[in-house]
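Step one of this worksheet: look at the structure below.
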Amino acid sequence: MARGTDFTGPIAAGTQAAVEELLRRRDLAPRRRERLEMVKAAALDEEVAAIARWSGRTPRTVRRWLQAFRDGGVTALADAPMPGRPPKADAAYLAALEAAAATAPRTLGLPFDVWTSGRLSAYLAQQTGVRLAPGWLRVLLHQRRFVCGRPKHTLEHLQDPAEVAACQEALRVAGEKGAADAGAVRAAL
């Protein structure tokens, strides 16, 4: 059986310390952690077949990652960039999204009180020139911990404050009378 060090070569103390440091990080991607564990096991003279067994990979895959580490070091174990079209929502768009979502629409001179995803999408398209679907905008808001919900409308602005105070006073007086009677009944028992 081939030994792990046959593929990695002797690991320098500084490189081994870098591997250990990366393995202590909590935010490390699971696939990169697995590859670092392979390198660590190989440095401890574990066989490639044994590494393949506990990692659930083929020996060929283990050898490939060990050789990538030998040729490129710790940085060679990172995932390649994902292919595809770059995202429309760049850093400037996301900054505009957060600023708009945190601001009341009336303060921006808009004729409504509450943002909807459609309104926010249209506003940001006008401001940034980037048009995103309202559904995707909701995903971006959720990722940034903004909460969506229905507005709670009240009629307080239509009520007369003097009449509200008079009604509250009448309720308070009625409550005191009921409370006194209930106490008298309890005392009699």
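The values are calculated or read from the model by the stated rules, or taken from the named source; none is laboratory data. This one's a predicted model, so the numbers in the text were calculated from it and none came from an experiment. Using ideal geometry, Cβ is built from the backbone for each residue, glycine included, and neighbour counts are taken over all protein chains shown.
Within the stretch 78-127, being of a type in the set (Val, Ile, Thr) and surrounded by fewer than 12 Cβ atoms within 10 Å (Cβ to Cβ) holds for one residue alone: THR107. If you go through the stretch 127-158 and keep only what is among the polar types (S, T, N, Q) and under 17 Å from ALA91 (Cα atoms), you end up with GLN127, THR128, GLN143. Sub-7 Å Cβ pairs linking a first residue in the stretch 50-64 that is of a type in the set (Lys, Arg) to a second residue that is surrounded by 14 or more Cβ atoms within 10 Å (Cβ to Cβ), at least 6 apart or interchain, are ARG63/PHE7; ARG63/VAL48, ordered by first then second residue.
The criterion of at least 2 residues that are more than 30 Å from ALA29 (Cα to Cα) and either at pLDDT 95 or above or of a type in the set (Gly, Ala, Ser) (or both) is met by the following helices (runs of 4 or more DSSP H) wholly inside the stretch 73-162: 91-101, 117-128.
The condition of being surrounded by 14 or more Cβ atoms within 10 Å (Cβ to Cβ), among the charged types (D, E, K, R) and either at negative phi or assigned by TED's automatic domain parsing to the domain that holds ALA18 (or both) holds for ARG35.
In the list LEU28, LEU66, LEU36, which residue meets the criterion of being outside any helix (DSSP H, G or I) and closer than 18 Å to THR15 by Cβ?
Details: LEU66 fails: outside any helix (DSSP H, G or I); LEU36 fails: outside any helix (DSSP H, G or I).
One residue alone meets the criteria, LEU28.
Considering the stretch 10-25, and only residues there that are aliphatic (A, V, I, L, M) and assigned to a helix (DSSP H, G or I), the residue that is surrounded by the most Cβ atoms within 10 Å (Cβ to Cβ) turns out to be VAL19. Within the stretch 139-150, residues that are free of Cβ contacts under 8 Å to residues at least 60 places away in the same chain sit with their Cβ atoms under 8 Å from residues that are assigned to a loop (DSSP other than H, G, I, E, B) and surrounded by 11 or more Cβ atoms within 10 Å (Cβ to Cβ), at 6+ positions apart or across chains, in these pairs: LEU140/ALA89; LEU140/LEU132; LEU141/CYS148; HIS142/CYS148.
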